[in-house]
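The values are calculated or read from the model by the stated rules, or taken from the named source; none is laboratory data. Source: prediction; values computed, not measured. Because the Cβ atoms are built from the backbone with ideal geometry, glycine has one as well, and the counts that use them run over all protein chains shown.
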Amino acid sequence: MRRRPLIIALVGLLLAVLAVSATPATPADASDPGGPSASQLLAKVTNCQQISNGTYATDEGAGGAIPVCQAGGAVFFKADMDIDCDGVRTAQCNENTDCCFFNDTAFHTSTDQPLNAAQLPYIVLPQPSGIWNYEQSGIEGGAVVAVIYNNQVEYAVFGDTGPEDIIGESSYATAQALGIDPDPKTGGVASGVTYIVFPGSSVNPIESHSTAVSLGQQLATSFVNGSGGGGTGGTPGTITGLGGKCVDVAGANPANGTKIQLYDCNGTTAQKWTKGSDGTLRSLGKCLDVSGANPANGTKTQLYDCNGTAAQNWTVGTDGTIRALGKCLDAANSSSANGTALQLWSCTGSANQKWTVTS
């Protein structure tokens, strides 16, 4: 008889445990994916320095009213959101759910397949035209985009192109993540969406949303902190040196400390550099940096968060040199082989310290 209270207590405890385990996990707050808040990002795009030669319509037949702007090295516009369901056929995206369904996208996955609009957050940019050419702004397929709506931030990639006179379209998955009706027939939203694209960025593979989020948070943080979101508004170009090779971010890796090297020119974003008005040379949302701010001969260069220090202040000379901390950017051992490290060295006037900066 004395065991009964114990049994009741144990049963009560068991039920409590089961109740807790049956409670659904609280989903992550969609408005706080990490990195800057929506309000912090929006505060950086209040003023439009227009870079488009005209304005875009938000829908077919509507008048043009949306300019493409730049600020702090990022490209942005404020528009509506139409739903793009193109790409892989899914239950959500097919000929039956979308009158205008097309089973392909402008950019493909690492296995050369169309993107999956129902699963991958991506945005659509207008095809290049006289109004604006995204390529001339240093943007390519897979570039990172911060999409902001209703105090929420979703990181996406540039995954498809659309009509050359219309702007403001995103994948089913992008809309869904932001709480916008993703139905291609009835969904979307008429206004209130801000798109911030980071030139020179690239998600590899393009279908990796986790990579887009991680890189997006890094670039957005630099953008909000005033250290650039892929540049400072200049046009990205190449820096070529000995043997006609390009200054290259090894492995296109945006992590701090990544080696800067010579490599065959290949047109990738890892070889696109923007000369900032603050003396920086920027690629992949970060700055060319002298490791440890050490002016000694042989100090290697690296990619690093832009921080405004002298180790990231470069002067492009009329004599072809690129200088920081009183020394010259130098191809180690006068080698033009792929993978040759770039270092700091006393200026000698030699060929391995001569550079051509193009934009």
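Criterion first (crowded, with 19+ Cβ neighbours inside 10 Å, touching a Ser or Thr at 6+ places or on another chain (Cβ under 8 Å) and polar (S, T, N, Q)) does Asn151 satisfy it? Show your work before the answer.
On the way: crowded, with 19+ Cβ neighbours inside 10 Å: no; touching a Ser or Thr at 6+ places or on another chain (Cβ under 8 Å): yes; polar (S, T, N, Q): yes.
The answer is no for Asn151.
What do you reckon, is Ala190 under 26 Å from Arg89 (Cβ atoms), in the same structural domain as Ala65 (by TED's automatic domain parsing) and at pLDDT 95 or above?
Numbers: under 26 Å from Arg89 (Cβ atoms): no; in the same structural domain as Ala65 (by TED's automatic domain parsing): yes; at pLDDT 95 or above: yes.
No; evaluated as a whole, the condition is false for this residue.
Please go through (1) assigned to a strand (DSSP E or B); (2) closer than 21 Å to Leu219 by Cα for Ala255 and return the number of the only condition it doesn't satisfy.
Unmet condition: (1).
Name the one entry in Ile148, Ile66, Ile83, Ile51 that is at pLDDT below 95 and under 28 Å from Gly35 (Cα atoms).
Step by step, each of Ile148, Ile66, Ile83, Ile51 is checked, and only Ile51 is at pLDDT below 95 and under 28 Å from Gly35 (Cα atoms).
Within the set of pairs 6 or more residues apart or between chains, which connect a residue that is more than 17 Å from Cys100 (Cβ to Cβ) inside the stretch 170-186 to a residue that is at pLDDT below 95 and of a type in the set (A, V, I, L, M, F, W, C) with Cβ atoms less than 9 Å apart?
Ala177/Ala30; Leu178/Ala30; Gly179/Ala30
Working only within the stretch 258-280, note down all residues that are out of contact with any helix residue (DSSP H, G or I) (no Cβ under 8 Å at 6 or more places or on another chain) and either closer than 15 Å to Asn352 by Cα or touching a residue at least 40 places away in the same chain (Cβ under 8 Å) (or both). Steps first, answer last, please.
From the stretch 258-280, those out of contact with any helix residue (DSSP H, G or I) (no Cβ under 8 Å at 6 or more places or on another chain) are 264, 266-267, 271-278; that's our starting set.
Selection gives Asp264, Lys272, Trp273, Thr274, Lys275, Gly276, Ser277, Asp278.
When you scan the stretch 80-90, do you find a residue that is under 13 Å from Ile131 (Cβ atoms), among the hydrophobic types (A, V, I, L, M, F, W, C) and touching a residue at least 24 places away in the same chain (Cβ under 8 Å), even just one?
Applying the first criterion (under 13 Å from Ile131 (Cβ atoms)) to the stretch 80-90 yields none.
No, there is no match, as no residue in the stretch 80-90 is under 13 Å from Ile131 (Cβ atoms), among the hydrophobic types (A, V, I, L, M, F, W, C) and touching a residue at least 24 places away in the same chain (Cβ under 8 Å).
Looking only at the stretch 58-106, which residues are charged (D, E, K, R) and closer than 17 Å to Ile167 by Cβ? Explain how you work it out, then say what you get.
Of the stretch 58-106, the ones charged (D, E, K, R) are 59-60, 78, 80, 82, 84, 86, 89, 95, 98, 104.
Those that are charged (D, E, K, R) and closer than 17 Å to Ile167 by Cβ: Asp59, Glu60, Lys78, Asp80, Asp82, Asp84, Asp86.
How many residues are assigned to a helix (DSSP H, G or I) and buried (at least 22 other Cβ atoms within 10 Å of the Cβ) when one looks only at the stretch 154-176? First the steps, then the outcome.
Keep residues of the stretch 154-176 that are assigned to a helix (DSSP H, G or I), which gives 172-176.
Cutting the leftovers down to buried (at least 22 other Cβ atoms within 10 Å of the Cβ) gives us 172-175.
The number of residues fulfilling the criteria is 4.
If you check Thr240, Thr268, Thr299, Thr280, which single one turns out to be of a type outside the set (Phe, Trp, Tyr) and over 19 Å from Cys328 (Cβ atoms)? It would help to see each step written out before you state the result.
Working: Thr240 fails: over 19 Å from Cys328 (Cβ atoms); Thr299 fails: over 19 Å from Cys328 (Cβ atoms); Thr280 fails: over 19 Å from Cys328 (Cβ atoms).
Within the list Thr240, Thr268, Thr299, Thr280, the selection yields Thr268.
Hey, could you check the stretch 259-314 for residues that are small (Gly, Ala, Ser) and in a helix (DSSP H, G or I) and say which is surrounded by the fewest Cβ atoms within 10 Å (Cβ to Cβ)? Walk me through how you get there before you give the answer.
Our first condition is that a residue be small (Gly, Ala, Ser); within the stretch 259-314, this holds for 267, 270, 276-277, 279, 283, 285, 291-293, 296, 298, 308, 310-311.
From the residues that got through so far, the ones that are in a helix (DSSP H, G or I) too are 270, 291-293, 310-311.
Details: Ala270: 26, Ser291: 16, Gly292: 11, Ala293: 14, Ala310: 13, Ala311: 23.
This residue is Gly292.
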